[in-house]
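Colleague: Sharing a structure, written as structure tokens. Questions coming.
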Amino acid sequence: VVLATEGFESGTWTGGTGWLSGWIRSGDANIVTSSGPHSGGRHARLRRATGYLSRSVTLASSGAVHLRFWAKVSSLESSAQALIRISADGSSWTTVKTFTSADSNNTYQSYDLDLGARSGTLHIAIDANMNSTGDYLYVDDVEVTQAP
């Protein structure tokens with residue numbers, strides 16, 4: 001069952017469907033049309049150590065949850081990284097994916113993260129920990145699904 005989706009096509013931080021509210025955004029995070037979105041005409045771009053996005057969804061049951069998205073990483077040095085984190089309460093975070101210089105090929109890749117059986121609220125964060133305005137993480141076509 002698809003619970004929430006976001007393709008950034010609205011050009012706003014409140015687009016998509018199924019979310020509790022809009023994206024919480026801080027630092028160098030923007031919706032852009034440049035650099036070849038995965039689909040459509042827009043995607044999210046995070047830069048520097050300040051780019052941060054988070055959003056929450058209410059889970060439908062206690063079934064297995066998957067976070068699916070497309071991402072591309074560009075120009076990360078060995079000390080730079082970007083993180084995908086999840087939380088049940090919005091304050092205690094677990095990293096479920098770390099992007100490093102090894103991922104830095106400027107090509108969109110599909111990710112399907114199995115988050116296990118969960119219930120309640122799921123908070124998702126995309127956190128840039130990069131050291132230059134030339135380091136980029138692009139994200140597109142975010143989807144949260146849950147088995148019945």
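No lab work stands behind these numbers, since they all come straight from the coordinates. These numbers were taken from a predicted model, which means no experiment stands behind them. Reconstructed Cβ throughout: ideal geometry from the backbone, glycine too, with neighbour counts over all protein chains shown.
Colleague: Given the Cα-Cα distance of residue 118 and residue 39 and 0.36 nm per residue of separation, how much length would full extension add, in nm?
Modeller: On the way: separation 79, 0.36 × 79 = 28.44 nm, distance 2.91 nm.
Extra length from residue 118 to residue 39 when fully extended: 25.5 nm.
Colleague: Per residue, what volume in Å³ does the convex hull of the Cα atoms of the chain enclose?
Modeller: It is 96 Å³ per residue.
Colleague: Out of the GluC sites (Glu not before Pro) in region 1-105, which ones are loop residues according to DSSP with at most 12 other C-beta atoms within 10 Å?
Modeller: Of the GluC sites (Glu not before Pro), not one in the loops of region 1-105 has a Cβ with at most 12 other Cβ atoms within 10 Å.
Colleague: Using a Gaussian network model on the chain with a 10 Å cutoff between Cα atoms, which of 103, 127, 89 fluctuates the most?
Modeller: 89
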